[in-house]
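A quick write-up on the structure given underneath.
The values are calculated or read from the model by the stated rules, or taken from the named source; none is laboratory data. The shown structure was predicted, so the numbers you read here are calculated from the model rather than taken from an experiment. All Cβ positions, glycine included, derive from the backbone under ideal geometry; neighbour counts span all protein chains shown.
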Amino acid sequence: MHVANYCIMIHHMKTIAITIDESTLDRIDRMLEQQTAPGKNRSQVIRRAVREYLANLQQEAEQAREKEIFRRNRRLLKQDALALIREQAKP
């Protein structure tokens with residue numbers, strides 16, 4: 001990574017303290033030693049895990065919103081689908 005990019009990346013980060021169970025930390029360390037972890041150090045692994053977790057939460061929330069929209073509009077969607085099928089079935 002270019003030094004200027006690294007400085008920009010660090011500038012936008014905050015240092016925090018977290019408590020993590022020892023077995024999870026051991027798993028991260030083993031993956032880093034085996035070079036199978038998605039990063040070069042614990043911080044990178046944990047940052048990526050948090051980003052992916054937040055993205056999953058956001059996706060789940062969006063899916064729940066969409067599901068609710070379909071639920072509320074079920075009758076209209078069914079009518080539209082039947083009308084489309086009738087229209088396509090015409091010779």
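Results for (1) more than 30 Å from Thr19 (Cβ to Cβ); (2) at pLDDT 90 or above; (3) part of a loop (DSSP other than H, G, I, E, B); (4) among the charged types (D, E, K, R), shown as yes or no for each residue.
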position: Lys40; (1), (2), (3), (4): no, yes, yes, yes
position: Ser43; (1), (2), (3), (4): no, yes, no, no
position: Arg51; (1), (2), (3), (4): no, yes, no, yes
position: Glu60; (1), (2), (3), (4): no, yes, no, yes
position: Ile69; (1), (2), (3), (4): yes, yes, no, no
position: Leu76; (1), (2), (3), (4): yes, yes, no, no
position: Gln79; (1), (2), (3), (4): yes, yes, no, no
position: Pro91; (1), (2), (3), (4): yes, no, yes, no
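If you go through the stretch 12-36 and keep only what is among the aliphatic types (A, V, I, L, M), surrounded by fewer than 10 Cβ atoms within 10 Å (Cβ to Cβ) and either within 13 Å of Ala49 (Cβ to Cβ) or over 22 Å from the mean Cα position of the chain (by Cα) (or both), you end up with Ala17, Ile18.
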